[in-house]
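Undergrad: Shown below is the structure under consideration.
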Number of protein chains: 2
Amino acid sequence: MEAKLHELKRRLIEANDLSTAAAVLYWDQSTYMPSGGAAARGRQMATLERLAHEKFTDPAIGRLLDALEPYAASLPYDADDAALLRVTRRLYEREVRVPADFTALLAHHTAESYQVWAEARPANDFARVQPYLEKTLDLSRQLADFFPGYEHIADPLIDFSDYGMKASTVRQIFGELREQLVPIVQAITAQEPLDDACLHQHYPEAQQLGFGLEVIKRFGYDFERGRQDKTHHPYEIRLASGDVRITTRVKEDFLAEGLFSTLHESGHAMYEQGVSPAYDALPLGRGASSGVHESQSRLWENLVGRSYGFWEHFYPQLQMVFQAQLKDVSLDTFYRAINKVERSLIRTDADEVTYNLHVMLRFDFELALLEGRMEIRDLPDAWRERFRADFGIVPPDDRDGVLQDVHWFGGTIGGAFQGYTLGNILSAQFYAAALAAQPEIPDQIRHGEFGTLHGWLRENIYQHGRKFTASELIERVTGGPLSIEPYIHYLRAKYGELYRL
Amino acid sequence: MEAKLHELKRRLIEANDLSTAAAVLYWDQSTYMPSGGAAARGRQMATLERLAHEKFTDPAIGRLLDALEPYAASLPYDADDAALLRVTRRLYEREVRVPADFTALLAHHTAESYQVWAEARPANDFARVQPYLEKTLDLSRQLADFFPGYEHIADPLIDFSDYGMKASTVRQIFGELREQLVPIVQAITAQEPLDDACLHQHYPEAQQLGFGLEVIKRFGYDFERGRQDKTHHPYEIRLASGDVRITTRVKEDFLAEGLFSTLHESGHAMYEQGVSPAYDALPLGRGASSGVHESQSRLWENLVGRSYGFWEHFYPQLQMVFQAQLKDVSLDTFYRAINKVERSLIRTDADEVTYNLHVMLRFDFELALLEGRMEIRDLPDAWRERFRADFGIVPPDDRDGVLQDVHWFGGTIGGAFQGYTLGNILSAQFYAAALAAQPEIPDQIRHGEFGTLHGWLRENIYQHGRKFTASELIERVTGGPLSIEPYIHYLRAKYGELYRL
């Protein structure tokens, strides 16, 4: 048994080394690679990903999993080896169902779609991408059909990122959230908007970066096992247990962009840094799901980083760094500026309150497209219509409408967006659990101390990696299933006060 | 035939993508990787290199080469496809002769030796590395024995880096060179040393880097297809035809260190950037041999970068950058400072004249060890003795004696050093050929123009990559075999004037 387990791990680590190498190549491509390297780099990454897939779906792994079944069955559910065999089995079954030819076809098509989108978006040219999206939709349906027996055609696609979630569950959660959210948005946007002029001054890049690094060092992001670099579209990336990096971007004329991007990505990264090192390079060695991952980034970005208590400690320091810009701006004015709610066009720029409406629109469209209730050619009009209904404004063009997100142009239609809102919901639910267990956290935050919160998250969430499914983890951490109540409570309390609702 | 050639190229590119990925991981490791990533990175690189070897030695490649023999035979010698098949055959035959187990053993041993050396060198502890070196010597002999029929046991090892060269040839060349060189070194070191105090002032890093980048941009190093970063031990690395990077290091208290390192690596990099893009990711897509590669770095570093004409143009610019340090230093003083010849302990710090004596010492020791005329345990004493004979000084310890170079601790004993001196010799031989063809080059250099020289090198050397062997290339470019005459002529002329010999 031990020899078989050893052999299984060896094979899993080998597959992981290949996909991790692809991740290093991606990091390099998006940070330092000279433009001349682009063509070869795409091919190099595709080679690595193909070989990683081949190694992971090697029938030898299936045989080892079979042979280790009795061993797994003899272990308690939460034993590391039991979890490793359970999660590996799940991922293996998933990957072997998709023929390698199809994976290659999809990879090729999405790479091509991405290129077309990158040119079509600035040109506001939906017609250009339409045939690509039609093929993406077709391929997304084919991909789902490799997993027969689903309740909704989106379910297998949702499963890839949020294992265990179904379209029906998400639809129900989103329906309930929407019911609560829309009146809040309406009440807020009926009021005089908050003034965020103080954020729109000249803030030199170097100081912005320096301040952000200081904050996440205090959070507990470990720079011996990570680093931050600049890129176009910020992300967190795990290259090993001891090497979890983040990227950011800075706008010199808007303070919130770089700062909150850094806090957000540090949340993802502290999660990955906190996963048990024993899981490194194995299927357990990463976050539990897209939604749980996003909950950790949103927790640090919003529940901590946009809280009043946080800025009671950090605002005087920020004023020291940007004396000319902020010496006459009060803490209250700054706090309101970073929490301004507005009807805006772009998801990634949206505030905490309206953000979920952006996500729901996309999620609903994904379901409608997959079900055949909507055609790709209907997207631009449907987008405008829905936007008018939800936000009371209409995008002036497709560039800042249906063309704004990369997701459908670099992957499948279906499963791409629900994790963002699940993450928002869970961020509040987990944070409430943390505060219930450690009521001193808010006071510590007011003093720039994050050790208790970080420790609680590491103990209850981070260390487990992918050992538990999202719903198992939620149950363990909060004592109940996913619930929107803490999130609604949080929004009502915070924005009720900000907007005197 | 065409399908078979296509299939061969596909397989070669796949193997190349894996080894290139390992190169990206190496670059990252030596520039930006946080220290926490070290353990996993070593394993990831080993996985990639092992798989690259497996792919390249796949028997399918041997069958394709066999099947394509008639096609290769039907082509003129210098047709691209003929060269591709010829060079691939040579590399394939070489790699398949070495059992995978042995390769893994050697890789494991050299990784371990490197670690031990990295600790033993600062501790001046030769006894610690002795057993590792003994095993390295044993493995080096075993490696050579996979290629029976050699004339000298070092020949197969030399072949890896300088294909076609034999121990007897190198010994003869080095013997002739030594005969000419020793009297020059003696004549120079009998004189009052040149004064290089002007280089030992405080030179801030940022300005040093900025100036170096300006110079190599003028040389024609293409920053759209490359970049420079800082590291501990500078190197050039090819990640694709469109992505050839260099690294450098800077000492703020010694101007020559960073500047000439940058010029040196840019020479390697311009060579790689100039290889025909049609060869990219194939066995032809890199420099011809270790010696030819070194000739290109030394040409730009020394024959151009340490020439008087070069500084006629650049010294006023350097004075502008470092006004406080250099305003009272004349061009002549500066020129003499960067060409100071001295008996020094460290190969990598040595001047153009004495450098080769360092190399010859190591080369002779490699042969003696492989032949069994010398034991590993004799190395420290032998080093001191030879050093006294060649340089008239004795290293005060092993740290700056036998322990100074990494080569024997990260690879084999045999074949590691001859390329440096072959490169010096060839740099002068190639440069003489360039000047004969384009006599306007020195005058252009005096005006900071390098287009003619760069173009001539690209046309005659760079573009061919590994299409021709070193000796074929030398013959094509210079009309004769390798010759030490141009190099001796160059040293006599330059240092004769500097030291009034």
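Undergrad: Give the range of the longest stretch in chain A that excludes all trypsin sites (Lys or Arg not before Pro) found in loop regions by DSSP and having at most 13 other beta-carbon atoms within 10 Å.
TA: The reported range is A:1-326.
Undergrad: To continue, here is another question. Taking the label point as lying 7 angstrom from Cα along the Cα-to-Cβ axis, what are the distances from B:Arg218 to the corresponding position in the remaining copies, in ascending order and in nanometres?
TA: 4.9
Undergrad: Give the nm distances, rounded to one decimal, from A:Leu75 to the matching residue in every other copy, measuring between label points 7 Å along Cα toward the beta carbon; shortest first.
TA: With the label placed 7 Å along Cα→Cβ, A:Leu75 yields 5.3 nm.
Undergrad: Just grab the label-to-label distance for A:Ala60 and B:Ala437, each label 7 Å out from Cα along the Cβ direction, in nm (one decimal).
TA: So the two model labels end up 5.1 nm from each other.
Undergrad: Now, a different point. Mind checking the dipole of the protein assembly as shown: about its Cα centre, +1 per Lys or Arg Cβ, -1 per Asp or Glu Cβ, Debye to the nearest 20?
TA: The calculated dipole for the protein assembly as shown is roughly 400 debye.
Undergrad: Using 7 Å Cα-to-Cβ label points, what is the A:Gln317/B:His489 separation (nm, one decimal)?
TA: 6.7
Undergrad: Right, another one. Say a paramagnetic label sat at a point 7 Å from the Cα of B:Gln444, along Cα to Cβ; which residues of segment B:258-274 have their backbone N under 20 Å from it?
TA: Residues B:263-264, B:266-274 fall inside that zone.
Undergrad: Here's something else I'd like to know. Taking B:Ala197 in one copy and the same position in all the others, each labelled 7 Å out along Cα→Cβ, what are the pairwise distances from the first, in nm, shortest first?
TA: 6.2
Undergrad: Let me ask something else. Give the calculated FRET efficiency between A:Glu375 and A:Ala107 to the nearest 0.05, with a Förster radius of 22 Å applied to their Cβ-Cβ distance.
TA: So the FRET efficiency works out to roughly 0.30.
Undergrad: Here's something else I'd like to know. Between A:Gln172 and A:Ala3, what length in nm is gained on full extension when 0.36 nm per residue of separation is reduced by their alpha carbon distance?
TA: Between A:Gln172 and A:Ala3, full extension yields an extra 56.2 nm.
Undergrad: Additional query: Based on Cβ point charges of +1 for Lys and Arg and -1 for Asp and Glu, what charge dipole magnitude is obtained for segment A:2-154 about its Cα centre, in debye rounded to the nearest 20?
TA: Roughly 200 debye, rounded to the nearest 20.
Undergrad: Report the one residue of A:Gly220, A:Ala127, A:Leu106 whose Cα lies farthest in the direction of the positive end of the charge dipole of segment A:100-228 (charges on C-beta: Lys and Arg +1, Asp and Glu -1; origin at the Cα centre).
TA: A:Gly220
Undergrad: Can you give the Rg/Rh ratio of the protein assembly as shown, where Rg is from the C-alpha atoms and Rh is the Kirkwood radius?
TA: Reported Rg/Rh, Kirkwood definition of Rh: 1.00.
Undergrad: Which shape class applies to segment A:155-501: rounded if a/c is under 1.5, otherwise prolate when a/b exceeds b/c and oblate if not, where a ≥ b ≥ c are the square roots of the Cα gyration tensor eigenvalues?
TA: It is rounded, given that a/c, with a ≥ b ≥ c, falls under 1.5.
Undergrad: Is the shape of segment B:2-97 rounded, prolate or oblate, going by the alpha carbon gyration tensor and its root eigenvalues a ≥ b ≥ c, with a/c under 1.5 for rounded and a/b larger than b/c for prolate?
TA: Taking the square roots of the gyration eigenvalues as a ≥ b ≥ c, segment B:2-97 is prolate.
Undergrad: How much length is gained if the chain between B:Glu205 and B:Arg128 is pulled fully straight, taking 0.36 nm per residue apart and subtracting their Cα-Cα distance, in nm to one decimal?
TA: 24.1 nm
Undergrad: Measuring from the axis that superposes chain A on chain B, report the chain A residue with the minimal C-beta distance, rounded to whole Å.
TA: That would be A:Ala21, 2.
Undergrad: Among the lysines, select those whose C-alpha is under 21 Å from the C-alpha of A:Lys166, and discard any that sit fewer than 8 residues away in the same chain.
TA: A:Lys467
Undergrad: Now for a separate question. Would you mind calculating the gained length between A:Glu224 and A:Arg94 on full extension (0.36 nm times residue separation, minus the Cα-Cα distance), in nm to one decimal?
TA: 43.3 nm
Read the figures in this text as sums done on the coordinates, not as results from a lab. Everything numeric here is computed off the predicted structure, so don't read it as measured data. In this analysis, Cβ positions are derived from the backbone assuming ideal geometry, glycine residues included, and neighbour counts consider all displayed protein chains.
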